[in-house]
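Below is one structure, written out as structure tokens; comments come after it.
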Amino acid sequence: QVQLVESGGGLVQAGGSLRVSCAASGSTFSINAIGWYRQAPEKQREFVALISRGGSTRYAESVKGRFTISRDNAKNTVYLQMYNLKPEDTAVYYCHAVGRLENYWGQGTQVTVSS
């Protein structure tokens, strides 16, 4: 089992920056990739960014050039640094881990971007 706990969400003005974190615990050795999804009100959850065990990254087109995913292996923590935030980035951001046999989700952290 893997537990994921997000933190760092909040309210920011458009054009601002914010960093959200995801701390993983439990059977972290089983994680093949870890990343972020988001869900805005009345919209489906969508992929944001991912970092693989080998360190390769992938981003949604809507956040390329503005968001950066990184990790600290010693702390079992993944970060999503968000720059030039837009009101349409407002959503609950969920950490997501791909394990050997199952996937895991965190509880989410709210990011609100005011115009």
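Within region 3-34, which residues are hydroxyl-bearing (Ser, Thr, Tyr) and either surrounded by 15 or more Cβ atoms within 10 Å (Cβ to Cβ) or without any contact (Cβ under 8 Å) to a residue 60 or more places away in the chain (or both)? Those that are hydroxyl-bearing (Ser, Thr, Tyr) and either surrounded by 15 or more Cβ atoms within 10 Å (Cβ to Cβ) or without any contact (Cβ under 8 Å) to a residue 60 or more places away in the chain (or both): SER21, SER25, THR28, SER30. Summed over region 49-99, residues that are closer than 20 Å to VAL12 by Cβ and basic (Lys, Arg) total 3. Among the criteria (1) surrounded by fewer than 18 Cβ atoms within 10 Å (Cβ to Cβ); (2) assigned to a strand (DSSP E or B), the one ARG38 does not fulfil is (1). For region 65-73, the count of residues that are over 20 Å from GLN1 (Cβ atoms), in contact with a helix residue (DSSP H, G or I) (Cβ under 9 Å, 6 or more places away or on another chain), open to solvent by less than 20 Å² (accessible area, probe 1.4 Å) and among the aromatic types (Phe, Trp, Tyr) is at least one.
Against the conditions (1) at pLDDT below 95; (2) open to solvent by less than 80 Å² (accessible area, probe 1.4 Å); (3) aliphatic (A, V, I, L, M), ALA97 satisfies every one except (1). For ARG58, the stated conditions do not hold, so it cannot be described as open to solvent by less than 30 Å² (accessible area, probe 1.4 Å), modelled with pLDDT of 95 or more and of a type in the set (D, E, K, R). Taking each residue of region 65-84 that is free of Cβ contacts under 8 Å to residues at least 60 places away in the same chain and looking for partners that are part of a loop (DSSP other than H, G, I, E, B) and of a type outside the set (Val, Ile, Thr) with beta-carbon atoms closer than 7 Å, six or more apart or interchain, yields ARG66/TYR83; ARG66/ASN84.
The selection criterion, being at pLDDT below 95 and within 19 Å of GLN3 (Cα to Cα), holds for SER27.
The values are calculated or read from the model by the stated rules, or taken from the named source; none is laboratory data. From a predicted model like this one, the values you see are computed outputs, not experimental measurements. We place every Cβ from the backbone using ideal geometry, glycine too, and count neighbours over all the protein chains shown. What goes into the accessible areas is simple: the full protein's heavy atoms, side chains included, and nothing from ligands, DNA or RNA. Shrake-Rupley method; radii C 1.70, N 1.55, O 1.52, S 1.80 Å.
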